[in-house]
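> My questions will all concern the structure given below.
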Amino acid sequence: MRTLPVVPSADARLPLPGEALTRRAVTLITASILVLTFVFSLGNVTRLCLDLGITAWIAWLVGPAVDLSLIGLLTGMRFLSLHGYTDGQLGKLRRMLRFCGVLTLALNTSGALGHKMFGTALVDAVGPALLIGWSEVGPWMLRQIYAVSSPTAAPQPRARPASGLISTQPSDLLARARELDAEHRAATGRHISRDNLRNQMRIGRDRAGAIVAIVRAEVATEVESGQLLAA
């Protein structure tokens, strides 16, 4: 029997309930703190630059230059973290991120410290300090969420008989999905959609998308096997 390549299990796994929501919440919180710090530091850093005698049209560019660096670094780290990069592999990005965070903290508090307004400096430090903390914790937390949701490490793609393509998936959900897909194909000639399956099975969007992908791959395998036997 001809063997077919298998998609790695990490791509075909069924997401745990709440996994997508948790990932989005962590990302949204980190992004919100970044935006708030961006707006907050724009005023602080611009005022500091003006006090130092820097030209006005240059003064307001200093803060955004640092904050945009943070946005780029955090976006890249989030993407790489979700794709399994370890802390060691992200070392360069983490060091640059710490540098930008400390620079943001220094720029936001220098004006108040220079005037010996220690209370104001403490308030000015809140946003940058939270940003530094979340820039460290956020990517790590995303990796841990993915690790908890993955029952095993993703194996390397390898050949396997088509009959064993999805033997590890939950049989109850797949059995029902096969029935619904077969009925839909018989009526319309097309596979059932993710949203249609989600509504009928009353499951989450991510889980429905994963199941639809598995069922379609199974049908494609059966069709190819039938063509090979016919040939």
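> Given the criteria in a helix (DSSP H, G or I) and closer than 19 Å to Gly111 by Cβ, does Gly63 qualify?
Here the answer is yes, as Gly63 does meet what is asked.
> Something else about it: Please specify each residue of segment 79-109 satisfying the condition of being exposed (fewer than 15 other Cβ atoms within 10 Å of the Cβ), among the charged types (D, E, K, R) and in contact (Cβ under 8 Å) with a residue 12 or more places away in the chain.
Of everything in segment 79-109, those that are exposed (fewer than 15 other Cβ atoms within 10 Å of the Cβ), among the charged types (D, E, K, R) and in contact (Cβ under 8 Å) with a residue 12 or more places away in the chain turn out to be Asp87, Arg98.
> Follow-up. Identify the residue in segment 28-60 that is assigned to a helix (DSSP H, G or I) and hydroxyl-bearing (Ser, Thr, Tyr) and, among all such residues, is surrounded by the most Cβ atoms within 10 Å (Cβ to Cβ).
Thr37
> Which ones in segment 84-113 are of a type in the set (S, T, N, Q) and within 21 Å of the chain's Cα centre (by Cα)?
Passing the criteria: Thr86, Gln89.
Rule-based calculations on the coordinates, nothing more; no lab input. Bear in mind that the values here come from a model prediction, so they are computed numbers and not experimental data. Quick reminder, even Gly has a Cβ in these numbers, built from the backbone with ideal geometry, and neighbours come from all protein chains shown.
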